[in-house]
Amino acid sequence: MLEVLEVTKIFNQGSVNEKLALNNVSLKVPPGDFIAIIGGNGAGKSTLLNCVAGVYPVERGRIFLNGEDVTGLPDHRRARDIARIFQDPMMGTAASMTVEENLALALKRGAKRTLRWSLNETRRRLFREKLAMLKLGLEDRLGTPVKLLSGGQRQAMTLLMTTLIQPRLVLLDEHTASLDPKTALKVLELTRRLVEENNITSLMVTHNMEQALRVGNRTIMMHEGKIILDLQGEQRENMTVPGLIEMFHKVSGEKMQTDRILLT
Amino acid sequence: MNLTVFYGAVILGLLYALMVLGVYLTFRILNFPDLTVDGSITLGAAVAASLIISGVNPVVATLVAPLAGALAGLVTGTLHTKFSIPPLLAGILTMIGLYSINLRIMGRPNLPLLRQPVIFEYVARTGLTMRNSEFILSLCVALLFIFILYYFLNTETGQALRATGDNEVMMRSLGVNTDRMKIVGLGISNALVALCGALVAQYQGFADISMGIGVIIAGLASVIVGEVLLGSSRIIVWLMAVVLGSVLYRLIIAVVLRLGFQPTDLKLFTAVIVTIALISPFIKSYLEKLRERYREKNKLKA
Ligand SMILES: Nc1ncnc2c1ncn2[C@@H]1O[C@H](COP(=O)(O)OP(=O)(O)O)[C@@H](O)[C@H]1O
Ligand SMILES: [Mg+2]
């Protein structure tokens, strides 16, 4: 499905701010995998997702999607296969546009946009039906500008927009981190439902260790631009949060900022 | 006061509404402060005037002008997207370049259209007076473009354009080449502006190398006047507000001139209007802070 092959990403190469963000990273993701990614601040988690999405060009290595080499393709040309959800709920929707306009934008993800009138009754019916599944009452607010919705509502909408056109791969970057705990849990449940029901391959960055072990079928830990741990199957099932921290100490030789990771 | 003066101001406002719609498209919808406008309005005037003088049918000449304008927008868009030049600088570069190009096209700084056929005469052939023909044509053109833009901004492509100005990161993740969207938007905007220049030149009877100076600020002032009157989140209302703003702005200018100000004072006047509009949010929040402090003081006393 997705293969990241010996990818290296260096920011500001050749300047004093040079930063090796991904150091020869390789990752093979079979179809249907739901991978949770953890790691400290600046470990390179977001950079990995951005490189997979095509936001940044990579300095070395190759990225394959369904066997096709997409390394040289810009982000908008990978969008048909890859959908993304960001940490900031504001990033996933166009604030000044209405709920139905945002959904219409997502309905054309990766497809050619025509000069035909965008909204019609067929589409509205589809949107209402899909919005009703969120159980947030948004199906009655098609004409509301998105900026009037709460962060949780917007993130739920972004999730819906992601699955309107089935992607092959979803990239979630701490997409519940800026929501209040209750809403975060709801959005996480929704994520599980949408991803698992549709059997979409997913990479989800989280800083919640508990979540990283519970959600999905595989857990990856990153540190200083490298993947230092890749847990799946029985090994993962038997893993506990303290065990995970222990592992981190051993592999990285460093003390983890446990308070940040455990408490959030 | 003289009614014909106001009639003239209304016609001018309707003609300039095309430019204001262009400014609205870049500043408000694409979130791209495009200064190309000062050059592309003169470009439209220069192209149309010199074509008419060389014997080309005025309707054809008027239709060629927006093509030239679109090209200017393309240049600014390319400078910004392909070479990462900031919007303001990219627009200024094109604008300055256009100054020389416009002079080349016109051959001299001022090109009179005296005794030349102009597009308004085609309407006058129906038996209307020249003044009424000018009014009818400018009104029809303004309404036509309100409709075209309303339709376009609600198509799949038009919505993608609006969303590009709103949230570029999201639009790229939805598969839209936002660079191309910006170039298209700048092209459309400057085509409108150049068409405006072509019509204004025929209305006033000349093209002048300096007719573009400060046009961008007049455009912004008109957008702001329209927004203040009819602020709304609905596209169609916005578009009408923008055209109305343009007419009102010209009426205000006419009044100011009547009050005895010189035409050369107008630029300062317009700059002040726009400045006040731009800083009004700051003034508002400052006043609110003052009020709060005042209330707190009173509470302490009580
Ligand atoms: N656009 C950028 N320009 C320069 N440095 C960056 C950029 N994005 C990330 N970095 C650096 O790369 C490293 C990895 O960042 P990131 O992938 O965002 O970490 P995280 O694991 O917290 O998501 C950090 O040191 C960060 O400062
Ligand atoms: Mg991050």
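Observations on the structure shown:
- Members of the stretch A:86-104 found to be within 16 Å of ligand 1 (Cβ to nearest atom), within 9 Å of chain B (Cβ to nearest Cβ) and in contact with a strand residue (DSSP E or B) (Cβ under 8 Å, 6 or more places away or on another chain), listed by number: A:Phe86
- Evaluation of A:Thr176 against (1) within 16 Å of ligand 2 (Cβ to nearest atom); (2) within 14 Å of chain B (Cβ to nearest Cβ); (3) in contact with a helix residue (DSSP H, G or I) (Cβ under 6 Å, 6 or more places away or on another chain) (one fails), failing number: (2)
- Scanning the stretch A:43-74 for residues that are within 16 Å of ligand 2 (Cβ to nearest atom) and in contact (Cβ under 8 Å) with a residue 24 or more places away in the chain yields A:Ala43, A:Gly44, A:Lys45, A:Ser46, A:Thr47, A:Leu48, A:Leu49, A:Cys51, A:Val52, A:Ala53, A:Tyr56.
- Within the stretch A:32-65, the set of residues being near ligand 1 (Cβ under 8 Å from one of its atoms), over 13 Å from A:Val7 (Cα atoms) and within 14 Å of chain B (Cβ to nearest Cβ) comprises A:Ser46 only.
- Residues that are surrounded by 14 or more Cβ atoms within 10 Å (Cβ to Cβ) and charged (D, E, K, R), drawn from the stretch B:240-292: B:Arg250
- Index of the failed condition, A:Thr71 passing every other in (1) of a type in the set (Ser, Thr, Tyr); (2) more than 14 Å from every other protein chain (Cβ to nearest Cβ); (3) closer than 30 Å to A:Glu210 by Cβ: (3)
- Checklist (1) at pLDDT below 90; (2) buried (at least 19 other Cβ atoms within 10 Å of the Cβ) applied to A:Arg154, failing item: (1)
- Taking the stretch A:145-188 as the range and being in contact with a Leu (Cβ under 9 Å, 6 or more places away or on another chain) and either within 16 Å of ligand 1 (Cβ to nearest atom) or aromatic (Phe, Trp, Tyr) (or both) as the test, the residues that pass are A:Leu171, A:Leu172, A:Asp173, A:His175, A:Thr176.
- In this structure, A:Asp81 does satisfy being more than 16 Å from ligand 2 (Cβ to nearest atom), within 11 Å of chain B (Cβ to nearest Cβ) and surrounded by 15 or more Cβ atoms within 10 Å (Cβ to Cβ).
- Leading residue by the ranking (farthest from B:Lys267 (Cα to Cα)) among those in the stretch B:202-227 that are in a helix (DSSP H, G or I) and more than 17 Å from the chain's Cα centre (by Cα): B:Gln202
- Selection count where residues are surrounded by fewer than 24 Cβ atoms within 10 Å (Cβ to Cβ) and of a type in the set (S, T, N, Q), scope the stretch B:214-239: 2
- Residue match in the stretch A:105-120 (condition: more than 24 Å from B:Asn177 (Cα to Cα) and more than 14 Å from chain B (Cβ to nearest Cβ)): no
- Of all residues in the stretch B:96-139, those satisfying the criterion of being in contact (Cβ under 8 Å) with a residue 24 or more places away in the chain and of a type in the set (D, E, K, R) are B:Glu121, B:Arg131, B:Glu134.
- Pair list, Cβ under 6 Å, 6 or more apart: the stretch A:14-30 residue more than 12 Å from A:Gly44 (Cβ to Cβ) and free of Cβ contacts under 8 Å to residues at least 60 places away in the same chain, other residue in a loop (DSSP other than H, G, I, E, B) and within 11 Å of ligand 1 (Cβ to nearest atom): A:Glu18/A:Asn12
- Condition met for A:Ile10 (within 16 Å of ligand 1 (Cβ to nearest atom), away from every other protein chain (no Cβ under 14 Å) and either in contact with a helix residue (DSSP H, G or I) (Cβ under 6 Å, 6 or more places away or on another chain) or assigned to a loop (DSSP other than H, G, I, E, B) (or both)): no
- Single unsatisfied condition, B:Ala191 versus (1) in contact with a Lys or Arg (Cβ under 9 Å, 6 or more places away or on another chain); (2) under 15 Å from B:Thr94 (Cβ atoms); (3) of a type in the set (Gly, Ala, Ser): (1)
The values are calculated or read from the model by the stated rules, or taken from the named source; none is laboratory data. From a predicted model like this one, the values you see are computed outputs, not experimental measurements. Positions of Cβ are backbone-derived with ideal geometry, glycine not excepted, and every protein chain shown enters the neighbour counts.
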